[in-house]
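K.L.:
Have a look at this one before I ask anything.
The values are calculated or read from the model by the stated rules, or taken from the named source; none is laboratory data. Just so we're clear, the structure is a prediction, and the values are computed from it rather than from any experiment. Glycine also receives a Cβ, built like all others from the backbone with ideal geometry; neighbour counts cover every protein chain displayed. We work out accessible area using only protein heavy atoms, side chains counted, and drop any ligands, DNA or RNA first. Shrake-Rupley method; radii C 1.70, N 1.55, O 1.52, S 1.80 Å.
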Amino acid sequence: ADLGEEADANEACCLAFGADALEERDTSDDSSCGGGGIGGDGDGDGDGGGVTTVMIRNLPVLCSTEMLAAELDRSGFATRYDYCHVPWDLQEKKSKGYAFVNWASIQEAFAFTSEWHGRRSVCGMHCKRALNLKPATWQGKQKTVSKN
């Protein structure tokens, strides 16, 4: 793989999640999560304008919600998300190849995205295409649950 292309893809992904705003923000205490701007209020409910819900694309079709949640937990994210869902095609008996994860804050969403975007292996399976993470259309647990 061309490292330049990979770096460009990671930069584009980080910009979508507001990495510049996160880097400028003092995150040393919880009070920095408050207020408006790109980060919103940081409480994961999706009402402050920040990205807390991430769509993961290019998952292996045999990866279930339970498998993905276990992988998130093993990766050190066990207490950092409150919703994980892999849509399943009941007729085909396989996933649709994507998932939604809602994070406790924009900082958690960014940390996850920084670590997982571009991965080629998840749930003990090789991915045909690198994982592609992007902000979900619906932000916040309540909105995401109601749409899935």
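K.L.:
In the range 104-143, which trypsin sites (Lys or Arg not before Pro) are in a loop and have at most 13 other Cβ atoms within 10 Å, using DSSP for the loop call?
P.N.:
ARG120, LYS128, ARG129
K.L.:
Testing the spin-label approximation: label points 7 Å from Cα along Cα→Cβ at ASP82 and ARG129. State their distance in nm.
P.N.:
Each label point lies 7 Å from its Cα, and together they span 3.2 nm.
K.L.:
Probe of 1.4 angstrom, ligands and nucleic acids ignored: what's the accessible area per residue over the range 53-135, in square angstrom?
P.N.:
Per-residue accessible area for the range 53-135 comes out at 49 Å².
K.L.:
Here is a follow-up. Keeping the other protein chains in place, figure out the carbon and sulfur percent of the accessible area of the range 53-135, with a 1.4 Å probe.
P.N.:
In the range 53-135, the share of accessible area belonging to carbon and sulfur is 50 percent.
K.L.:
I would also like to ask the following. Hand me the tally of lysine pairs in the range 59-148: alpha carbons under 23 angstrom apart, and the pair either on different chains or 8 or more positions apart.
P.N.:
12
K.L.:
Also, quick follow-up: Would you please give the residues with an amide H less than 5 Å from that of SER95, counting only those at least 5 places away or on a separate chain, with H modeled from the backbone geometry?
P.N.:
LEU62, CYS63, ASP89
K.L.:
Given N residues in the range 53-135, what is Rg(Cα) / (2.2 N^0.38 Å)?
P.N.:
Relative to the 2.2 N^0.38 Å estimate, the range 53-135 comes out at 1.00.
K.L.:
Still on this model: Need one value: the accessible area of GLU92 in square angstrom, 1.4 angstrom probe, rounded to the nearest 10.
P.N.:
110
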